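For reference, the structure is listed below as structure tokens.
The values are calculated or read from the model by the stated rules, or taken from the named source; none is laboratory data. Quick caveat: nothing in here was measured; it's all calculated off a predicted structure. Surface areas here come from the heavy atoms of the whole protein model, side chains and all, with no ligands, DNA or RNA. Shrake-Rupley method; radii C 1.70, N 1.55, O 1.52, S 1.80 Å.
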Amino acid sequence: MIRDFLVWMATELGKGPGDTALSWSDALASSLNFWGLLEGTHVLTLILFAGTIFVVDLRLLGLVFRKTPVSVISDRILPLTIFGISLMLITGLALFYAKPLVYYHNLWFRIKLVFLAIAFINILWFHFRVQRDVAAWDTLERPPARVRASAAISLASWILVIFFGRYIAYDWINCGKPLPDWINVAQECRTSESGAVNLRGDLLQ
Ligand code: HEM
């Protein structure tokens, strides 16, 4: 069902009359500069987003700026982080929209989305649970264990989002190549345009 929707989104949405007309997704994917601008912005915004959230996480872990209250750092930095993540989400969705079926059958992209979900659940947990009694640990050089745990989950999940985001562009395990069965299954290669090929080179039905 998801794949059918993505096929429609990639091939029909925004398509004008006539056989040669491009869908919006195809137009974006074949744009000379705009796609590059999107990808570039996605990467550059990383500096702003990851750079700022790592500073707050390292303070919550009690590793940097230990004499500065947590609230002072997060109040100053968080607006930059929110601006950064908004741009990352917008450019990321646009990048996905340009080649939805390529990324749908991409294991790195799928794993990245899993860690993105973990990172967002952790943000909700921190803001609606952990941070409720911030007054009790705001000035502590080493905040309590649950605060440090949330900061460690944040740091680890964002580093893994970046790591697997970077891998998306590499075609090592693209569908259609001889792959172990578990990768063919994890990428749903059987339904992809290139199909699923096992390590013996057989095309799987
Ligand atoms: C908000 C946190 C996010 C972070 C930290 C992040 C990070 C990254 C990184 C580091 C790359 C590699 C860029 C490169 O060097 O080529 C990347 C690529 C990519 N990201 Fe994200 N991303 C985020 C959100 C998203 C979202 C929400 C989507 C879409 C649902 C997305 C879609 C993509 C796509 C499609 C690529 C691959 C572009 C290509 O073909 O090279 N990203 N991301």
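Straight Cα distances below 17 angstrom link LYS67 to the aspartates and glutamates ASP57, ASP75, ASP138, GLU141, with same-chain residues fewer than 8 positions distant left out. Which residues' amide hydrogens lie under 5 Å from the amide hydrogen of LEU204, considering only partners 5 or more residues apart or on another chain, with H built in the peptide plane? Those lying under 5 Å, H to H, from LEU204 are ALA196, VAL197, ASN198. Per residue, the chain exposes 58 Å² of accessible surface when a 1.4 Å probe is rolled over the protein heavy atoms with every protein chain present.
Dividing the summed helix terms, -39500 (n - 2.57) for each DSSP H run of n ≥ 4, by the number of residues in the chain produces a 222 nm estimate of -21000 deg cm²/dmol to the nearest 500. Taking only protein heavy atoms and a 1.4 Å probe, the accessible area of the chain is 70% carbon and sulfur. Measure out, as a whole number of angstrom, how far apart the alpha-carbon centroids of the range 1-50 and the range 130-205 sit. The range 1-50 and the range 130-205 have Cα centres separated by 22 Å.
Given 25 °C and 0.890 mPa s, compute D for the chain with the Stokes-Einstein relation, Rh being the Kirkwood radius over Cα pairs; round to the nearest whole µm²/s.
Working: Rh = 19.4 Å.
Rounded to a whole number, D works out at 126 µm²/s.
Counting only whole DSSP H helices of the chain, the ones at least 15 Å long by C-alpha along their axis and with mean Kyte-Doolittle hydropathy no lower than 0.5 are 34-60, 70-98, 107-128, 145-167.
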